[in-house]
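A quick write-up on the structure given underneath.
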Amino acid sequence: MEKKLKIGIIGAGIQGVCNALFLQKKGYEVTLFDKDEPGNLSASYGNAGHFSPYASIPLNRPDILIDVPAMLLSSSGPLALKWNYVPKMIPWFLKFLKNCSTKNMMHTAKYMHQILDLALPAYDELFDQIDLSGLVENKGIMYIWNDKNLKSRQLEINIRNEIGAEQQLLNQKEIHDLEPNIKKIYHAGVFLQKS
Ligand SMILES: Cc1cc2nc3c(=O)[nH]c(=O)nc-3n(C[C@H](O)[C@H](O)[C@H](O)COP(=O)(O)OP(=O)(O)OC[C@H]3O[C@@H](n4cnc5c(N)ncnc54)[C@H](O)[C@@H]3O)c2cc1C
């Protein structure tokens, strides 16, 4: 009799759990290991719960280099550093910088898109086995912005066009038609159906 292959997976976040389920479906015996209670302090516990196959644009991009100094200096900015950790971070930071070139950014975006494009059908395959009524919605996501000269938005739109990610650009009226309750502070937006 053929011996059943046993597989151990370290980490019981969404990655570990999904891999374990797919391997079980293929008939393997799988054990999940985690140093904590599953989902306890992991990223998979505290995220926004949004399936985002469109999110293939990496953080490493040429325009981030211009934004980072202002983010660090602002007390309410999205980036904070422990300054005594900076020396340890330098090797990582140099690699981060290297990947901010347009060429490397596009390389990452292209392959992220290929992987993420498979995410929704893969989730559907798992979801088919459980009752999800009322838990998952497929309504797409809309991003809006109020600065008509925001270069980063244009960069993101161009990248999505280049890698073939589906997107629908929205003008003020279209945003209002989709979400009439948002105050009209916006200039334009983009709707991402696949999410
Ligand atoms: C605030 C926030 C919002 C987010 N919103 C979204 C969103 O809306 N949509 C989206 O798609 N993504 C979102 N993300 C990203 C998403 O949550 C993560 O990419 C995803 O959860 C990562 O899953 P993971 O299984 O790789 O890692 P984790 O969920 O971090 O799981 C890793 C597990 O491995 C365990 N582990 C680590 N080291 C060891 C070890 N040595 N031995 C044993 N166990 C170990 C940890 O305890 C942990 O349980 C968000 C993230 C954050 C932080």
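The values are calculated or read from the model by the stated rules, or taken from the named source; none is laboratory data. Every value quoted in this text rests on a predicted model; they were computed, and no experiment measured them. In this analysis, Cβ positions are derived from the backbone assuming ideal geometry, glycine residues included, and neighbour counts consider all displayed protein chains. The area values use the complete protein model at the heavy-atom level, side chains included, leaving out ligands, DNA and RNA. Shrake-Rupley method; radii C 1.70, N 1.55, O 1.52, S 1.80 Å.
Within the stretch 46-65, the presence of at least one residue that is part of a helix (DSSP H, G or I), farther than 19 Å from residue 123 by Cα and more than 19 Å from the chain's Cα centre (by Cα) is confirmed. With respect to the conditions (1) within 11 Å of the ligand (Cβ to nearest atom); (2) touching a strand residue (DSSP E or B) at 6+ places or on another chain (Cβ under 7 Å); (3) open to solvent by 50 Å² or more (accessible area, probe 1.4 Å), residue 48 falls short on a single one, namely (2).
Restricting attention to the stretch 123-146, does a residue exist that is in a loop (DSSP other than H, G, I, E, B) and touching a strand residue (DSSP E or B) at 6+ places or on another chain (Cβ under 7 Å)? Explain how you work it out, then say what you get.
Residues of the stretch 123-146 in a loop (DSSP other than H, G, I, E, B): 128-140, 146.
Narrowing further to those that are touching a strand residue (DSSP E or B) at 6+ places or on another chain (Cβ under 7 Å): 140.
Yes; the residues of the stretch 123-146 include at least one that is in a loop (DSSP other than H, G, I, E, B) and touching a strand residue (DSSP E or B) at 6+ places or on another chain (Cβ under 7 Å).
The residues of the stretch 83-117 that are in contact (Cβ under 8 Å) with a residue 40 or more places away in the chain and outside any helix (DSSP H, G or I), listed by number, are 99, 100, 117. Out of everything in the stretch 51-68 that is closer than 29 Å to residue 194 by Cβ and open to solvent by 60 Å² or more (accessible area, probe 1.4 Å), what residue ends up being farthest from the ligand (Cβ to nearest atom)? Checked the stretch 51-68; the qualifying residue farthest from the ligand (Cβ to nearest atom) is 67. The residues of the stretch 44-58 that are modelled with pLDDT of 90 or more and under 16 Å from residue 116 (Cβ atoms), listed by number, are 56, 57, 58. Annotation for the stretch 10-28: at least one member residue is within 8 Å of the ligand (Cβ to nearest atom) and at positive phi.
A search for C-beta distances below 6 Å between a residue of the stretch 34-47 that is within 16 Å of residue 20 (Cβ to Cβ) and in contact (Cβ under 8 Å) with a residue 12 or more places away in the chain and any residue that is open to solvent by less than 60 Å² (accessible area, probe 1.4 Å) and near the ligand (Cβ under 6 Å from one of its atoms), counting only pairs 6+ apart in sequence or on different chains, returns 34/12; 38/12; 42/13; 44/13. With respect to the conditions (1) free of Cβ contacts under 8 Å to residues at least 24 places away in the same chain; (2) exposed (fewer than 12 other Cβ atoms within 10 Å of the Cβ), residue 71 lacks only one, and its number is (2).
Residues of the stretch 141-155 that are at pLDDT below 90 and not hydrophobic (A, V, I, L, M, F, W, C): 146, 147, 148, 149, 151, 152, 153, 154.
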